[in-house]
Structures are given as structure tokens and as C-alpha cells.
Amino acid sequence: MGQGIAAGFKRKFGRVQELKEQNRKIGQVAHVEYETGKYIFYLITKEKYYQKPSYEDLDTCLFELTCLCGQLGIKDIHIPRLGCGLDGLNWSRVRNIVRRRFRDTETNVIVYTL
């Protein structure tokens, strides 16, 4: 959470200690509820902010995210182009992973370009 969009979320929403206490590992998702029924999800794709994520770890996170959305009854999720900013992943490839993971769910995915 040292750079990029994660740093912005850290400044705006805080609650870093709450996230750390969830003790999530690479391939998992931490989350906080910030308003009733609204959540912020943190995909753990790497150990240190300066490392580069793998497509496999992102895919694992997205699988867990789809499960969480189902459990929490989330019908719409808004995401940036995951891993495609400072992390340097290819958006075409990431988009295909997102589409595949959410294809058979009831969650609509809205993607924003920052």
C-alpha cells in the first residue's frame, strides 16, 4: 500500500491496522466495510509494493473476490485496471482473467481507467 492507487485508498480510508490483522497472504483478499453494505477489497498480489505481481496470483485473488461477492450479496463491483499501472501487467490479459472469473456470477464489473 505504498504507491499507486493503494496509497490513495490508504490516505482516504485508513484502517490499515484492521487490514493487517486479517493476516492475508498472496492470492487472498482483505476487505473492510466502510458504509453499510459497501466494501473496499484489497487484492494481495505481492508481498512488497515494489515487487511485480504474477497473473496467476491475480487470478487466485479474483477467484476469492468472486466468492466474497457471492457471500456478501454484492451485485456491482467497481475496479481499476488491476495490476496495469505501476505493476505493468497487460490489460488485455488481465481483462480476460476478470471476464472469466466473473462470467458465471451475478456480479457486474465496472472497470475504470485512472
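Computed values, structure above
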quantity: Contact order normalised by residue count of the chain, Cα under 8 Å, 6+ apart, percent; calculated: 21
quantity: Local electrostatic count, Pro80, Cβ distance below 13 Å [Lys/Arg +1, Asp/Glu -1]; calculated: +1
quantity: DSSP H segments from the chain that extend 20 Å or more along their own axis, Cα-based, with Kyte-Doolittle mean of 0.0 or above; calculated: 55-72
quantity: For the chain, built as a Gaussian network whose Cα springs stay under 10 Å, the top-fluctuating residue of Val94, Val16, Val29; calculated: Val16
quantity: Count of Lys pairs (Cα-Cα under 17 Å; at least 8 positions apart or interchain) in the chain; calculated: 12
quantity: Difference of contour (0.36 nm per residue) and Cα-Cα distance, Ile79 to Gln51; calculated: 8.0 nm
quantity: Most fluctuating residue given options Asp104, Asp87, Asp59, as computed from a GNM of the chain linking Cα atoms under 10 Å; calculated: Asp104
quantity: Length released on extending from Gln71 to Arg95, taking residue separation times 0.36 nm less the Cα-Cα span; calculated: 6.3 nm
quantity: Highest-MSF residue in the chain out of Arg100, Arg81, Arg11 [GNM, Cα springs under 10 Å]; calculated: Arg11
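Bear in mind that the values in this text are calculations on the coordinates, not laboratory data. In this text, all values refer to a predicted model and were calculated from it rather than measured experimentally. Reconstructed Cβ throughout: ideal geometry from the backbone, glycine too, with neighbour counts over all protein chains shown.
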